[in-house]
Amino acid sequence: MKIGIVCYPTFGGSGVVATELGIELSKKGYEIHFITYSQPVRLDALSVNLHYHEVNVPNYPLFKYEPYELALSSKLYDVVSKHKIDVLHVHYAIPHAYAAYMAKKILNQNGYKIPIITTLHGTDITLVGNHPFYKPAVTFSINNSDIVTCVSKSLMDDTREFFGIKREIKVIPNFVDIEKYNKNYSFSDKNVLTQVDEKIIVHISNFRPLKRIIDVIKIFEKINLKISSKLIMVGDGPDKKKAKDYLRKNSLKNRVIFLGKTNQVDQILCSSDLFLLPSEKESFGLAALEAMALKVPVISTNTGGLKELNINGNSGYTSDIGDIESMASNAIKILSDKSLMNKYRSQAFENAKKYDIKKVIPLYEKIYDEAKNID
Ligand code: GMT
């Protein structure tokens, strides 16, 4: 089967999920065509089953805003008709689902039928898509996709509530390749980043305000008063400066390391003792799953899909948004007792196994078959 995948090519969770999905499907014999504005960051090698088509938006002085959706719709028309694509799978509603609908209409007029699968990832529903400026177009695109999936039950409920959507929405969670992660690392690799007795706490995100990275630092500050530790901040984004200012003012600079954007999250996580994710919104929390797959317990909020992924008192702990005291004391509880720590490590790993790539990819394969058979 030939599948076109539209996604954001960046380090964000939706782009990572779309890229890893395409790579895995290509290994299973599907012919995958990524259609986006630059090569996805997790796509390091192309092959006979893995193709990439760049969407170019020509600049013209008349335009205040370049019409990306228009360029994407035209590119989708070209790629689908030229390569005889069977199914188009778009990740993130804005503007991908809308552009795909337009491409489908153009293709229909030219006698070509193409089913559209839309996967909703989070902020396209809970933040951006919900804005009155976008809402009618997002509602229309969801209602007019052939199949709609989202990454957690919580996101499905939000989609129904915020957009009044009545149609079927399937839940297909984020996934991780358990075998690949655990083949590469063993427990003896732990603590390569720090001194023997220091604990390593990690946060990975795009440092947007909804990630609450000042909460990350305040939780760490409290942990560090009791347990000697270092905080590794992976990623980049708008609140980085705010975080650095806070660290400077509170003399914490030497205890916090900023590693920037990286494809080596697994290498960092395998040396870590705890993962912090105090987000205000999180439809799933892929970075937390990646931590759990490397036996790292998670301290997070109980928002959105996080409470489905991070089982309170089992794979780690969940607390209310902004409850720094509770998140810090739960972290200290785990970090200060070696046997408890090992128990949480293995419980986190057991929970991550539910989201193994081998279990989740067949759910997508099933909907591709369904989509292909839609009249
Ligand atoms: O918030 C991010 O880290 C990026 C964002 C995106 O759209 O790429 O991630 C969203 O999709 C991920 C993959 O499905 C989910 O794991 C994240 O929870 C979700 N982020 C939010 O809902 C804030």
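Which of the listed residues, LEU309, ILE357, CYS270, is farthest toward the dipole's positive end in segment 253-375, when Lys, Arg count +1 and Asp, Glu count -1 at the beta-carbon?
The residue sitting farthest along the positive end of the dipole is CYS270.
If the cut-off is a Cα-Cα distance under 16 Å, which aspartates and glutamates reach LYS105, setting aside same-chain residues fewer than 8 apart in sequence?
Partners found: GLU69, ASP78, ASP86, ASP146, ASP375.
Which percent of the accessible heavy-atom area of segment 178-354 goes to carbon and sulfur, probe 1.4 angstrom? Working shown, then result.
On the way: 3560 of 7520 Å².
Carbon and sulfur: 47 percent of the exposed surface of segment 178-354.
Leaving out same-chain residues fewer than 8 places away, which aspartates and glutamates sit with a Cα under 16 Å from that of LYS226?
ASP197, GLU198, ASP273, GLU325, ASP337
Rounded to the nearest 10 degrees, what's the angle between the helix 338-353 long axis and the longest principal axis of the chain, both from Cα atoms, 0 to 90?
Its long axis makes an angle of about 10 degrees.
For the chain, report the accessible area per residue in Å² (1.4 Å probe, heavy atoms, rounded to an integer). Please report the intermediate quantities before stating the final value.
Working: 16520 Å² over 375 residues.
Spelled out: the 1.4 Å probe surface of the chain, per residue, equals 44 Å².
Mind checking the dipole of segment 1-70: about its Cα centre, +1 per Lys or Arg Cβ, -1 per Asp or Glu Cβ, Debye to the nearest 20? Could the numbers behind the result be given before it?
Values: 5 positive and 7 negative charges, 19 e Å.
Value, rounded to 20: 100 debye.
If I model segment 178-354 as equal point scatterers sitting on the Cα atoms and use the Debye formula, what is log10 I(q)/I(0) at q = 0.09, 0.12, 0.14, 0.19 Å⁻¹?
-0.26, -0.47, -0.65, -1.32
Distance check, please: which entries in LYS218/LYS253; LYS28/LYS358; LYS2/LYS353; LYS104/LYS372; LYS82/LYS104 exceed 18 angstrom between their Cα atoms? List each step's numbers first, then the result.
Numbers: LYS218/LYS253 13 Å; LYS28/LYS358 11 Å; LYS2/LYS353 29 Å; LYS104/LYS372 14 Å; LYS82/LYS104 14 Å.
Those over the limit are LYS2/LYS353.
Which residue, SER47, SER251, SER154, tops the fluctuation ranking in a GNM of the chain built on C-alpha contacts under 10 Å?
Between SER47, SER251, SER154, it is SER251 that shows the largest mean-square fluctuation.
For GLY12, what residues show an amide H to amide H distance below 5 Å, using hydrogens built from the backbone and excluding near sequence neighbours?
Counting only residues 5 or more places away or on other chains, the set is empty.
The values are calculated or read from the model by the stated rules, or taken from the named source; none is laboratory data. Since we're looking at a predicted model, the values are computed, not measured. Reconstructed Cβ throughout: ideal geometry from the backbone, glycine too, with neighbour counts over all protein chains shown. Each accessible area value is taken on the protein alone, full model and side chains, heavy atoms only, with ligands, DNA and RNA left out. Shrake-Rupley method; radii C 1.70, N 1.55, O 1.52, S 1.80 Å.
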